[in-house]
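Since the structure comes first, as structure tokens, the remarks are kept for the end.
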Amino acid sequence: MNYVYKRTAGGSGFASTWVSTSEAINFVFVIQVWPYDGDGLSIINSSSQLTRNMKLDGKDYPNVGPNAAVVAVSSVHRLNEHTLELTDKGSNGKVSDTQQIKLSSDVKTLTMTRHTVGRSDPNIFVFERQ
């Protein structure tokens, strides 16, 4: 793996606050998105082994898979024609993260920007349609 960090706070030499700006992962991360129950989506994430079956109504729907105990429910609603906002909650009912899922205008690229509670910087994932 290759990691690149940038200095985000003062200091001299090695002493500072360093934040990762990029990292290469050495596994395949696949997201599958399928129609669900007429007007919803099924989002299957290979890395978290989690399946989210949701309608686009902003209501909580239970997740399935080995990690459903950690990410118990999810909801999704449309922000615009090409952007969805997904919210995950733990078994305690508290929001664990929100994700903006944006489809490019040529529908070939999907960008997920994940904001995890307690972290200041998001994780950004870019997927190309296969």
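Within region 47-76, being modelled with pLDDT under 95 and not in a loop (DSSP other than H, G, I, E, B) holds for one residue alone: LEU50. Being at pLDDT 95 or above, in a strand (DSSP E or B) and loosely packed, with under 15 Cβ neighbours inside 10 Å is the requirement here; does LEU79 meet it? Criteria met by LEU79.
With respect to SER74, determine if the residue is touching a residue at least 12 places away in the same chain (Cβ under 8 Å) and in contact with an Asp or Glu (Cβ under 9 Å, 6 or more places away or on another chain). Spelling it out, SER74 is indeed touching a residue at least 12 places away in the same chain (Cβ under 8 Å) and in contact with an Asp or Glu (Cβ under 9 Å, 6 or more places away or on another chain). Scanning region 111-130 for residues that are more than 11 Å from the chain's Cα centre (by Cα) and either without any contact (Cβ under 8 Å) to a residue 12 or more places away in the chain or surrounded by 15 or more Cβ atoms within 10 Å (Cβ to Cβ) (or both) yields a count of 5. Candidates are the residues of region 86-108 that are farther than 16 Å from ILE31 by Cβ and in a strand (DSSP E or B); the one that is nearest to the chain's Cα centre (by Cα) is THR98. So the check is Cβ under 7 Å with 6+ separation or different chains; which pairs have a first residue in region 59-70 that's farther than 18 Å from ASN92 by Cβ and a second one that's assigned to a loop (DSSP other than H, G, I, E, B) and not hydrophobic (A, V, I, L, M, F, W, C)? Sorted first by the residue in region 59-70, then by its partner, the pairs are GLY65/GLN49; PRO66/GLN49.
The values are calculated or read from the model by the stated rules, or taken from the named source; none is laboratory data. If you're wondering where the values come from, they're calculated on a predicted model, not measured in any experiment. As a convention, Cβ positions derive from the backbone with ideal geometry for all residues, glycine included, and neighbour counts pool all protein chains shown.
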